[in-house]
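Notes follow the structure.
The values are calculated or read from the model by the stated rules, or taken from the named source; none is laboratory data. The structure presented is a predicted model; accordingly, all values stated were derived computationally and were not measured. Backbone-built Cβ (ideal geometry, glycine too); neighbour counts: all protein chains shown. For accessibility, only protein heavy atoms count, side chains too; no ligands or nucleic acids. Shrake-Rupley method; radii C 1.70, N 1.55, O 1.52, S 1.80 Å.
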Amino acid sequence: MTLLIDSWRDLRAHPSRTLMSAISLFIAVLAIVGVAVYGEIARDSIVARDEQANGRAVTAQGFVHLSELTVAQLESFERALDHRVGSSHNGYWALEIDVSGAIEVSAANDPTNFIDGTALTAGQLRGIRRMPLLAGQWLDPPNSDVYPPTIVVNSIAAAQVGGVGTNLIAKSSQGMQQIAFRVVGVVDDGNRVARTYMPLASTLHFDPVSREGNHGDLYVHAPGVGLETLQEAVSVAVVDSGVVISDYSGNGNERTPTVELSRHDNGEHMGLGLDTVKLGFFAATAITLVVAIVGMANIGLASIRERQRELSVRLAVGFSRRRVFLLILGSSSVLGALVATTAILVAYLVVSGIVPGLSVFPLVNRPDFPWGSAILALIVSLSATVFGALAPAIAAARVEIATALR
Amino acid sequence: MTATLCATGLTHQIDGMASPILKDVNIVVQPGEFISIQGRSGSGKTTLLSILGLLLRPQTGALSIGDVATGELTDTERATARRSHLGFVFQNYSLIASHSAWENVSLPLMSSRSVPARKHREMAQSALAELGLGDRTDAAPAHLSGGEQQRVAIARALVTQPKLVLADEPTGALDVETGEAVLQMLVDRVRAAQTSLVLVTHDPEIARRADTRYLLHDGELLRDTSN
């Protein structure tokens, strides 16, 4: 207890040294927590971007060609996949048929203002890919015979032709009759060009021409479920549905009993890259920390040289050399604990208050405060103060005692 | 009765000096005795006081504090002996500038396990009050006069109720009038507490007030019996 009191007095006794050491430590602790938070956000952001572009891990993809597809066939296919993928594995499936260039979507009042990037979708595309809703809702539940059918646009398209509530006109370059669509949602799909998402069922219902060649991609994802299981689920679903699937890359006449799936997300390749990035951050932090420790040791040694007489007086009045050693170490530790606690508090306020407002990571949710890293920072800070104070403490304990009387 | 301090045959040579600064010094301090050691600058007074105060080990000779022979004591045991039996008054006060008066006085108590921390302030304030500084206990040294600072230093030397106080030119940094008052206060306090006092000075007037007087000359400690 007396050591603690004395340590506190010692800190108070040398305000400039205490301040300089505190600043060094403060920066180091903030750096540790900052790196942890930034690393977490950066990782989440990279993962989110990949999930937006390629699907959540594990997402499997296969090319499909659905010849002469009817609404009934699609519904049968949907039911089978809902059962085999959705119910059985708590998973998601989505059919995405890219009709860019084949269908143009324009503003109802301005045919010259059109978008040629369009996908026909079935299933739960947002369950596969991370596509945050910016406004309105997604296409589900699809209701193919309601007119006008719904359409979802990305943010670029919304800026071009209008957002939720806007009426759009779609027409096919192959003579598809004009169909009106009502925008029900705006999503962030990661695309830098305008794109719209139409329900496949509605286009089949209102434009039979679109039955002709529906080739696209089938995506399947179930949390914690591997590729082989997904492949099996899809194979069974195809058989259950009775839908004729042709290999997209084949001649169109070849019947295949299933869809050959392959891994589509990059989850398995990202771990090493993210670890490397994180390692780089921590290396930078470690350097900061070493600089802080060296700085503290330097400040401490200079201080001991100035305090020779005071320390010798302490020794003269009965302090043991061990006690003087512990005094210097103790004051540094008290400083380390106080500074680390303050830095962690500041970091917490920054993470809670400022980080969520950053627009550079739109896909990332508000990050949790990295308590693990904060505790690590506290331990590291205390260790740093002990290491930084070791040389000064040894020097203090070796002060020549007879100096007191000179 | 056991002597408070008994030193025999103390010899000490400082590196680089041709002859020893102390040669076969013998001194006995009885309980409650006031001893002065007079000598010119550089005569070895401070070195002798450092040895008597267990701050420096003599190259030869024996030193006992009470019943304790100090020759074989470790550094830690010597620190304990200093804390338990000795008090120091330094020429330039040697107060810690950032500590208040009572915190300076409590310094010897800080390293003592026998006195609980909660009593430090009370004991320090009491020691200061006895020296007429009861209303200056929270003042920093910078806000005290030279005489007041030396009184704080005396309170620090006496707070542990030592057997022996070693004072090195305690009035050296004070004007004559203040020095006289401070010295009187020191002598009064040690006499009241039956504490022995060894005072080093170059001032014959101050030395003359001691019960026993010594002269340190050419490294030898001589009894001064002159009037």
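Residues that are at the interface with chain A (Cβ under 8 Å from one of its Cβ atoms), part of a helix (DSSP H, G or I), open to solvent by less than 40 Å² (accessible area, probe 1.4 Å) and not polar (S, T, N, Q): does segment B:80-96 have at least one? Yes; the residues of segment B:80-96 include at least one that is at the interface with chain A (Cβ under 8 Å from one of its Cβ atoms), part of a helix (DSSP H, G or I), open to solvent by less than 40 Å² (accessible area, probe 1.4 Å) and not polar (S, T, N, Q). Take the conditions (1) surrounded by fewer than 22 Cβ atoms within 10 Å (Cβ to Cβ); (2) within 14 Å of another protein chain (Cβ to nearest Cβ); B:Arg40 misses just one of them, which is (2).
Residue count for segment A:282-335 under the criterion of being within 12 Å of chain B (Cβ to nearest Cβ) and more than 30 Å from B:Pro162 (Cβ to Cβ): the result is 0. In segment A:15-37, how many are at pLDDT below 75 and either open to solvent by 20 Å² or more (accessible area, probe 1.4 Å) or part of a loop (DSSP other than H, G, I, E, B) (or both)? Count: 0. Only one of the listed residues (B:Leu166, B:Leu158) is touching a Gly at 6+ places or on another chain (Cβ under 7 Å), open to solvent by 10 Å² or more (accessible area, probe 1.4 Å) and of a type in the set (A, V, I, L, M, F, W, C). That residue is B:Leu158. Looking at this structure, is B:Ser19 at pLDDT 90 or above and of a type in the set (Ser, Thr, Tyr)? Judged against the criteria, B:Ser19 is not a match.
Scanning segment A:253-270 for residues that are exposed (fewer than 12 other Cβ atoms within 10 Å of the Cβ) and modelled with pLDDT under 80 returns A:Asn253, A:Glu254, A:Arg255, A:Pro257, A:Glu268, A:His269. Tallying residues that are within 13 Å of chain A (Cβ to nearest Cβ) and free of Cβ contacts under 8 Å to residues at least 12 places away in the same chain within segment B:141-165 yields 0. The residue of segment B:46-64 that is farthest from the other protein chains (Cβ to nearest Cβ), among those that are open to solvent by less than 40 Å² (accessible area, probe 1.4 Å) and not in a helix (DSSP H, G or I), is B:Ser64. With respect to (1) part of a helix (DSSP H, G or I); (2) modelled with pLDDT of 90 or more, the lone exception for A:Thr203 is condition (2). With the condition kept exactly as written, say whether any residue in segment A:69-79 is open to solvent by less than 20 Å² (accessible area, probe 1.4 Å), assigned to a strand (DSSP E or B), outside the structural domain of A:Ile304 (by TED's automatic domain parsing) and touching a residue at least 40 places away in the same chain (Cβ under 8 Å). Taking every residue of segment A:69-79 in turn, none turns out to be open to solvent by less than 20 Å² (accessible area, probe 1.4 Å), assigned to a strand (DSSP E or B), outside the structural domain of A:Ile304 (by TED's automatic domain parsing) and touching a residue at least 40 places away in the same chain (Cβ under 8 Å). B:Pro20 meets each of the listed conditions (1) surrounded by 18 or more Cβ atoms within 10 Å (Cβ to Cβ); (2) closer than 25 Å to A:Arg321 by Cα apart from (2). Counting only residues that are open to solvent by 30 Å² or more (accessible area, probe 1.4 Å), within 9 Å of another protein chain (Cβ to nearest Cβ) and under 13 Å from A:Leu335 (Cβ atoms), how many does segment A:5-14 have? Final tally of qualifying residues: 2. Scanning segment A:46-66 for residues that are open to solvent by 40 Å² or more (accessible area, probe 1.4 Å) and either hydrophobic (A, V, I, L, M, F, W, C) or not in a helix (DSSP H, G or I) (or both) gives A:Ile46, A:Val47, A:Ala53, A:Arg56, A:Ala57, A:Phe63. Among the conditions (1) within 30 Å of B:Gln30 (Cβ to Cβ); (2) within 11 Å of another protein chain (Cβ to nearest Cβ), B:Arg121 misses just one, which is (1). The set of residues in segment B:177-205 being buried (at least 16 other Cβ atoms within 10 Å of the Cβ) and among the basic types (Lys, Arg) consists of B:Arg189 alone. Restricting attention to segment A:89-148, the residues that are of a type in the set (S, T, N, Q), surrounded by 16 or more Cβ atoms within 10 Å (Cβ to Cβ) and within 23 Å of A:His65 (Cβ to Cβ) total 4.
Within segment B:97-111, if we keep just the residues that are among the hydroxyl-bearing types (Ser, Thr, Tyr) and more than 7 Å from chain A (Cβ to nearest Cβ), the residue that is least open to solvent (accessible area, probe 1.4 Å) turns out to be B:Ser106.
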